[in-house]
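Read through the structure below, which is laid out as structure tokens, and then see the notes.
Each reported figure results from applying straightforward, stated rules to the coordinates on display, with no laboratory input. Here the structure is a predicted model, which is why all the values come from computation and not from measurement. Counting neighbours? That spans all protein chains shown, and the Cβs are built from the backbone with ideal geometry, glycine included.
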């Protein structure tokens with residue numbers, strides 16, 4: 001069934017232009033990522049669609065260029081479940097781009113059966129958190145060079161029921177799809193919080209975003225009766241374009257009106273859950289993530 005416009009979508013719009021800027025949007029071949037990329041392209045941004053499936057990424061690029069006159073869009077291959085692919089993507093960016101002003105860490109997997117990434121991490125934690133953590137680490141020099149620049153980490157309202165299971169991050173002792181998803185989304189919020197402290201003086205700001213419940217492909221692993229029930233309550237569900245609103249808000253709003261490290265929802269500042277405000281957990285997660293990835297990020 002078609003999604004009815006949600007009653008909870010904020011009435012916000014902006015005609016800010018961003019000519020001369022460059023952005024990377026992960027998972028931009030569909031859903032919120034594609035709509036974020038399309039909006040940025042319409043503002044004059046050169047947008048790199050970072051997609052695992054290149055056929056779908058190239059189709060998304062063609063779609064945007066057809067819908068947005070003069071759009072500057074290119075698709076490039078990125079598999080966040082493979083650190084080698086992330087390295088290759090970052091190397092390609094440094095070889096072809098002189099600047100990078102916006103990094104939108106949007107791609108994700110949700111509530112999926114147990115699986116591991118190429119490097120042996122639990123899939124949801126590996127893609128949603130570690131993949132984007134590593135990508136940000138690799139691209140930070142270009143973001144600093146292009147400052148002021150911004151990083152968006154797309155989280156979820158599910159972060160509020162998450163807990164970082166430091167003794168079982170891989171879910172090998174007790175895996176539950178929804179619990180693993182919530183953990184990864186809480187990790188997005190905590191990563192943003194710690195990242196902002198380390199990069200603000202460098203001219204790089206960071207924001208975590210809750211897009212609301214959006215009708216996208218990420219819901220495909222939901223138990224079918226539950227998915228059908230949720231989607232039947234149309235006024236609660238947002239379209240991908242509506243889900244992208246807060247991403248865009250955090251990209252175009254004047255920096256002095258935003259709080260770096262903050263959590264945003266409905267085109268405004270929101271309060272993360274208590275676990276998402278725990279600086280000690282954020283710092284520990286940072287250290288553990290570096291150890292798992294074999295990197296030193298001070």
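Distance between the 7 Å Cα→Cβ label points at residue 290 and residue 256: 3.4 nm. Listed from fewest to most Cβ neighbours within 10 Å, the set 84, 197 follows the order 84, 197. Put a dot 7 Å past the Cα of residue 59, heading toward its Cβ, do the same for residue 42, and the two dots end up 2.2 nm apart. Legend: ranking of residues 129, 145, 263 from fewest to most surrounding C-beta atoms inside 10 Å; resulting order 145, 263, 129. Sorted fewest first by neighbouring Cβ atoms within 10 angstrom, 210, 79 come out as 79, 210.
Full extension of the chain between residue 87 and residue 99 gives 2.5 nm of extra length, using 0.36 nm per residue less the Cα-Cα distance. Note on residue 67/residue 200: beta-carbon distance plugged into 1/(1 + (r/R0)^6) with R0 of 35 Å gives a FRET efficiency of 0.45.
In terms of the Cα gyration tensor, with a ≥ b ≥ c the square roots of its eigenvalues, is the chain rounded because a/c is under 1.5, prolate because a/b exceeds b/c, or oblate? Note, shape of the chain comes out rounded. Of all beta bridges that DSSP places with both ends in the chain, some 10 percent have antiparallel geometry.
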